[in-house]
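Remarks on the structure that follows.
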Amino acid sequence: MLDFAVLGLLMERPRHGYEIKRSLAELGFWTVSFGSLYPALRRLEKRGAIEATEGSGRRKAYEITDEGRTVFAELLAADPEASETDRAFQIRLAFLSRLPKDHRERVLNRRRTQLSGQLKAAREIFVEARTAQDPDRYRLALMEHAMQSIEADVAWLDSLIATERRLGASI
């Protein structure tokens, strides 16, 4: 997912390594070390997805190539796996506006379905734990918190989906 995020940022404009690192952090969900970032940049450069150019001072600036644009578009449009992690979904969401409306809606709906399944399973486990003899109240509280978090995420996705539909209808 690091390669995908780097390509997404470079779709906006060329950046040097420090800017990429800072931009990933500014997205609010990714702290990456230079020990991970620079190997990713070398890997993308070797693949022909980005190229290094002269930056300011001794820094290299990186810009996306046509090959990189193709790779990014393919990664963004790919159907997410059922087991897509929260971080992977957040990275996809950060660049979702680059997809056509029907694809955006499909990604949001797929994530909603995934979370709804998690919520159903969490509720079943909670009922079992609550009805057990001498249930641990802290464990129950933790389960309840997890369910509330998933419910909030589902409501948030519902809002994004509704906005997507409303904006699509007005075009």
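Let's see how each residue does on (1) surrounded by fewer than 15 Cβ atoms within 10 Å (Cβ to Cβ); (2) touching a residue at least 24 places away in the same chain (Cβ under 8 Å); (3) touching a His at 6+ places or on another chain (Cβ under 6 Å):
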{"residue": "Leu2", "(1), (2), (3)": "no, yes, no"}
{"residue": "Glu12", "(1), (2), (3)": "yes, no, no"}
{"residue": "Glu26", "(1), (2), (3)": "yes, no, no"}
{"residue": "Thr31", "(1), (2), (3)": "yes, no, no"}
{"residue": "Lys46", "(1), (2), (3)": "yes, no, no"}
{"residue": "Ala61", "(1), (2), (3)": "no, yes, yes"}
{"residue": "Ala78", "(1), (2), (3)": "yes, no, no"}
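Just one of the listed residues (Ala169, Ala129) is surrounded by 13 or more Cβ atoms within 10 Å (Cβ to Cβ), of a type outside the set (Ser, Thr, Tyr) and at pLDDT below 95, namely Ala129. Among the residues making up the range 49-91, those that are closer than 14 Å to Val6 by Cβ and among the basic types (Lys, Arg) are Lys60, Arg69. Those helices (runs of 4 or more DSSP H) of the range 24-96 in which at least 2 residues are more than 23 Å from Arg110 (Cα to Cα), considering only elements entirely within it, cover 34-47, 66-77.
Going by the conditions given, is Phe95 under 23 Å from Gly168 (Cβ atoms), at pLDDT below 90, surrounded by 18 or more Cβ atoms within 10 Å (Cβ to Cβ) and not aliphatic (A, V, I, L, M)?
Here the answer is no, as Phe95 does not meet what is asked.
When the range 106-134 is filtered for residues that are assigned to a helix (DSSP H, G or I) and farther than 23 Å from Arg87 by Cα, the ones remaining, listed by number, are Arg123, Glu124, Ile125, Phe126, Val127, Glu128, Ala129, Arg130, Thr131.
Checking each residue in the range 134-161 for being among the basic types (Lys, Arg) and surrounded by 12 or more Cβ atoms within 10 Å (Cβ to Cβ) picks out only Arg139.
Residues in the range 136-160 that are of a type in the set (S, T, N, Q) and within 18 Å of Val107 (Cβ to Cβ): Ser159 only. Taking the stated definitions as given, is Leu157 free of Cβ contacts under 8 Å to residues at least 24 places away in the same chain, of a type outside the set (S, T, N, Q) and assigned to a helix (DSSP H, G or I)? Considered against the rule, which asks whether it is free of Cβ contacts under 8 Å to residues at least 24 places away in the same chain, of a type outside the set (S, T, N, Q) and assigned to a helix (DSSP H, G or I), Leu157 comes out as no.
The values are calculated or read from the model by the stated rules, or taken from the named source; none is laboratory data. Just so we're clear, the structure is a prediction, and the values are computed from it rather than from any experiment. Every residue, glycine as well, gets a Cβ built from its backbone with ideal geometry; the counts of neighbours run over all protein chains shown.
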